[in-house]
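The structure appears right after this line, and notes come after that.
Throughout, read-outs are computed from the coordinates displayed, never taken from laboratory work. Note that the coordinates shown come from a computational prediction; the quantities given were computed from them, not determined experimentally. Note that we place each Cβ from the backbone using ideal geometry, even for glycine, and neighbour counts take in every protein chain shown.
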Amino acid sequence: MKKTNNVKKSKTKIWVVKDKEKDIYWPSKEMKKKANISDEKIYEEALKDPIAFWAKMAEEGLYWFKKWDKTYEENPPFFKWFIGGKINASYNCLDRHIKAGKGQKTALIWVPEPTEEKERFLTYEELYKEVNKFANVLKSLGVKKGDRVGIYLPMIPEVQIAMLACARIGAIHSVVFSAFSGESLKARLIDANAKVLITANSYYRRGKALPLKQNADIGVEGTNVEKVVVVKRADIDTSMKEGRDFWWHELMKNAKDYCEPEQVESEDLLFILYTSGTTGKPKGIVHETGGYLTQAYWTSKWTFDMQDDDIFWCTADIGWVTGHTYACYGPFLTATTLLIYEGAPDYPDWGRFWSIIEKYKVTIFYTAPTAIRMFAKMGEEWPAKYDLSSLRLLATVGEPINHEAWMWYFKNIGRERCPITDTWWQTETGATLINALPGIGPFIPTVAGRPFPGVNMKIVDEQGKEINWENEEGGYLIQKSPFAPGMLRGVWGDMERYKQQYFSEFGPNVYFTSDGAKYYDKNNIRVTGRVDDTMKVAGHRLSTGELEDAITSHKNVTECAVVPIPHEIKGQTPIAFVVLKDAQPSEDIKKEIVAKVVEKIGPTAKPEQIYFVNELPKTRSGKIMRRVLKSLLLNEDLGNIMTLQNPESVEQLKKLFSQK
Ligand code: ATP
Ligand code: MG
């Protein structure tokens, strides 16, 4: 990677400092002073009595119409929080802020993709009005408490409005990523048995208005969806089915602007959301209200350090859990200003994200390693053109972040002034559970950090016994009871799968994440990838995360995936798929890559074979699908690849193998 001395160094505040000895970082004095929490004692205090801790948090963070009778109850693998408590998510995101005098504060900044179109600012008061009106619209369409409402919308304000409106009347939303096909939408609408669908006629992607309604029409065919509400996002021909389809703006015209919030039970469901499908068929993860909101609130406050003067931008699509918790509930619960962007990161050019940060003075920026690697590949000259001095905190989520990507982000976006908090979590956990807190640190490249206060995350061996922090092999990442309040309460319509998937490996008292991990030190955890992807080579356990980290340390490698194949003598052996930058495939590069692996891990980890590819198969949320690579290598059935973002990559790989 080229030197970064052409990057404008900012004279503004410094939020992070490098450790004198190690390759780790600490919050600066300035950050410690500003942060919502900077006293490390919180960890110990919370774990002494997690139930009491979460009770205090729920009380302090949220407004309850009625306080709960009992804080926690479990009959593993089932558990409940705040039993008997009455609450409403939209009241907590809106009404209470307006009552507290924050009605004029900007709740949402919406940046459309077309550069000639104006952005939209919605104050809390305006958002509140829209939500109330749409809640009344839903009621008029016959939606009742407990009904499922499908939401198939792009990143436009109507998506947050629709979600909060569902929450207001106690309906359960199920958001489906707008870039999913009609068939993928249909599968989810059928599974959730949705009654109403909210969609848009279009959205902009790379300058084109895409015909989203056409997909929605395929999606609702053959389901129990009775009514479809359509946002008019672009002026394109849209077919509307009489009696079934209604324009959003027409229904809103006459809707009353107040709707009494439904006082739901804490354990009533707030939403269903399907997982990314990296490992197979997506699971309909079920989240309840009070516990989820408690965790969304406190992780927003402490992990993202959201404050009154912040502009928070989470680039995740609303179709993923990251979008739910940090591009809707979390920022609104904490009365923060949230920014969302409709379009592609490369429209009109690769500077778009950085121009948005500059223009709207974003202070906290949250994205995924896959995006960072892509920006790194495009070159540091893009961010270098912009003033990014408003930033004070960076964050990532989705996959283990390799050292190279971490450093690129740190230097080129944070300009060595901002901490990076690597947030580990899952659709199932509802909110981030392992991460460094900005006021406490440390920030360690490739290490997610510490379990959030009050969350009992551990690493265990194959027998389920907790491993010592000095154990270098690592093990399985699990959660012990009392389970965190924001955890899933089930798999929609399939409680057997809930038990089987999460609570069978180590018994019903232990939630199994399916991820492998090891301790970096006494407190900090490094997530090393999915357990399914872990390999055992000549008796040594190797994780994809570590191997990929070693390979991407080669200056010409932007991205790579490692998968194991069976080996007669060693048991298993790693195969690497590598995407290059500024270089042509060659035997020399292969040798250099192998040398990197030997240097960083050891000779056992040497990849048996290295394939150079243009791109890696990824899910629509941008995660590498190693499973597909493995099946291709072993000539097996590819299984469910409905969630694949780039099917062309599979074709390219097939060709590659047929040449062998
Ligand atoms: P499926 O469960 O359907 O296979 P998925 O696991 O990709 O899909 P998500 O819930 O979106 O669905 O992703 C959670 C997973 O992403 C985690 O279990 C972990 O493997 C990975 N992950 C998320 N954040 C991080 C992180 N900061 N570091 C390492 N891995 C992460
Ligand atoms: Mg998963």
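Dipole of the chain computed with +1 at Lys/Arg Cβ and -1 at Asp/Glu Cβ about the Cα centre; of LEU293, PHE271, ILE601, farthest Cα towards the positive end is LEU293. Restriction of the trypsin sites (Lys or Arg not before Pro) in the range 388-478 to DSSP coil positions whose beta-carbon has at most 15 other beta-carbons within 10 angstrom yields LYS465. Near LYS22, which aspartates and glutamates are there with a Cα under 17 Å away, not counting those fewer than 8 places off in the same chain? In chain and number order, the partners are GLU404, GLU416, ASP521. With kT/(6 pi eta Rh) evaluated at 20 °C and eta = 1.002 mPa s, and Rh the Kirkwood radius from Cα pairs, the range 313-371 diffuses with a coefficient of 178 µm²/s according to Stokes-Einstein. Each of HIS567, SER481, PRO261 was placed along the dipole of the chain (beta-carbon charges, centred on the mean Cα), and the one lying farthest toward the positive end is PRO261. Ignoring aspartates and glutamates fewer than eight residues from LYS465 along the same chain, the ones with Cα atoms less than 15 angstrom from its Cα are GLU473, GLU505. Averaging sequence separations of C-alpha pairs under 8 Å and six or more residues apart, then dividing by the length of the chain, give the relative contact order as a whole percent. Relative contact order here is 13 percent.
Taken as Cα centroids, the range 304-352 and the range 92-159 sit 14 Å apart, rounded to the nearest whole angstrom. Pairs spanning more than 28 Å between alpha-carbon atoms, out of LYS411/LYS480; LYS66/LYS139; LYS518/LYS618; LYS591/LYS630; LYS48/LYS522: LYS411/LYS480.
Using only the Cα atoms of the range 459-561, build the gyration tensor, take square roots of its eigenvalues as a ≥ b ≥ c, and label the shape rounded, prolate or oblate: rounded if a/c is under 1.5, else prolate if a/b is larger than b/c, else oblate. Prolate is the answer for the range 459-561, as a/c is 1.5 or above and a/b outweighs b/c. When only Cα pairs below 8 angstrom with a gap of at least 6 residues are kept, the range 89-262 shows a relative contact order of 22 percent. How many angstrom lie between the Cα centre of the range 33-49 and the Cα centre of the range 491-529? For the range 33-49 versus the range 491-529, the Cα centre distance is 25 Å.
Taking a ≥ b ≥ c as the square roots of the Cα gyration tensor eigenvalues, the range 535-658 comes out oblate, since a/c reaches at least 1.5 and a/b does not exceed b/c. Charge dipole (Cα centre; +1 on Lys/Arg Cβ, -1 on Asp/Glu Cβ; no other charges) of the range 535-658 amounts to roughly 280 debye. For the chain, the Stokes-Einstein estimate of translational diffusion at 20 °C and a viscosity of 1.002 mPa s comes to 85 µm²/s, using the Kirkwood hydrodynamic radius over alpha-carbon pairs. What you get for the chain, charging only the Cβ of Lys and Arg (+1) and of Asp and Glu (-1), is a dipole of about 940 debye around the Cα centre. The lysines within cross-link reach of LYS29, meaning a Cα-to-Cα straight distance under 17 Å and a gap of 8 or more places when in the same chain, are LYS11, LYS13, LYS18, LYS20. Only beta bridges with both residues in the chain are counted; by DSSP, about 60 percent of them are antiparallel. Take every pair of alpha-carbon atoms less than 8 Å apart whose residues are at least six positions apart; their mean separation over the length of the range 535-658 yields a relative contact order of 23 percent. The overall shape of the range 89-262 is oblate: from the C-alpha gyration tensor, with semi-axes ordered a ≥ b ≥ c, the ratio a/c is 1.5 or greater and a/b is no larger than b/c. Amide hydrogen proximity for PHE612: with H placed 1.01 Å from N in the peptide plane, the residues at 5 or more positions away or on another chain lying under 5 Å are VAL578. Since only ASN556, ILE356, GLY284 are under comparison, the one whose Cα sits farthest along the positive direction of the charge dipole of the chain, derived from C-beta charges on Lys, Arg, Asp and Glu, is ILE356. Normalised by 2.2 N^0.38 Å, where N is the number of residues, the alpha-carbon radius of gyration of the range 159-232 equals 1.08.
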